[in-house]
Amino acid sequence: MMASVVAGLLVAVPVVVFVAMLAVGQGVLGAPIFVVVFFLAIGGYVWFDLLRQSSGGDRLAEFGRANHLIIVRSVFVPHYAGSTFGAGRASVLRSVRTRDPHFLEVGDRLPATAPRARLMQPSGRAQVEPHQAEVFLRARLAGRVAKRTTSERDVVPPEVLGDLARFAGRYTVEVTGDELTVFGSRPLGPTTPGRVHEAFSLTAALANHVNQTLVTEPAADPRPSEDADQRAPRRGPLATILVTLALLILGPLLIAVVMANLGDRIDNRGAAIVIVGVLIAVLFAVIGGLLRWLNAPGRRGSGTT
């Protein structure tokens, strides 16, 4: 829901600014219109990406409801043992999880960094390389392992190697404490028949193998299965809207000021392209940081909304 609000602001505000510029006779040339078009393009891409991902998310949610599974959507999960999640470098885009203490979870993750932007030569146009969803498999084991391992030989039995590579693409495995995590390079693809069932089957096979070969410390009192609201609350809608508006106001202003001050001093087209590329990279880095802040879980009971 909040992603739709942000996307709507990214589209609506530049359109209003563009109409206002025409109304006051500002014209449609120069740095101001570049900034307006830049933010409009970002908003259009966000809307396109939301529409592209909605079908897969709906199909996975339908699967979860039909099988009485916990459904997780668009959240940072630093309490997960997987290193990418724990370090905040990726969020859960969508996943479903069984409700038993030794749960299985399958889903897609999304990198938390800003999309990469590179300049196309010789036109000097910026091309955005959006992030793609990538599958992850997760399981809570019957006990703890003696030490963390990322060895495929230790975690993946020979009879599962081929199926896992075909399903997940390039992958890495991690076993930390009492959790097993697999990070793949392909999306889960819940709209493809049989993909979600296969994901659960592979996760169960890996967990069973690790339980038999690596688990050395029996579990103490079984931890309860994580429920959907175990994650701490994120920023509220008011904070999201205010941050987005601030970005839309201050970002174009900063770019316009820099371009205006440097425009008369730079005669070399190559130097101008480099400066524009740096501005775009900084802007995407700021957007990525704000997205992580907006979605970062707060402490329970701290009043974070």
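Table for the structure above
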| item | result |
| --- | --- |
| Cβ crowding within 10 Å averaged over residues, with 87-93, 62-68 ranked highest first | 87-93, 62-68 |
| Residues whose placed amide H lies under 5 Å from that of Ala81, excluding near-sequence neighbours | none |
| Residue-by-residue Karplus 3J(HN,Hα) for the stretch 155-168, coefficients 6.51, -1.76, 1.60, Hz, glycine and proline x | 9, 9, x, x, 6, 9, 3, x, 5, 5, 5, 5, 6, 9 |
| Amide H within-cut-off set for Val215, under 5 Å, with H built and near neighbours excluded | none |
| Cα-projected label distance for Arg73 with Glu152, points at 7 Å along beta-carbon direction, nm | 3.5 nm |
| Amide H partners (placed H, <5 Å) of Ala112, local residues excluded | Ala90, Ser91 |
| Phi-based couplings in Hz for the stretch 133-141 (Karplus 6.51, -1.76, 1.60; Gly and Pro marked x) | 5, 10, 5, 9, 10, 9, 8, 8, 7 |
| Karplus-derived 3J(HN,Hα), 6.51/-1.76/1.60, for each residue of the stretch 172-180, Hz, glycine and proline x | 10, 10, 9, 10, 10, x, 10, 10, 10 |
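Bear in mind that the values in this text are calculations on the coordinates, not laboratory data. Note that the coordinates shown come from a computational prediction; the quantities given were computed from them, not determined experimentally. So basically every Cβ, Gly included, is an ideal-geometry build from the backbone, and we count neighbours across all protein chains shown.
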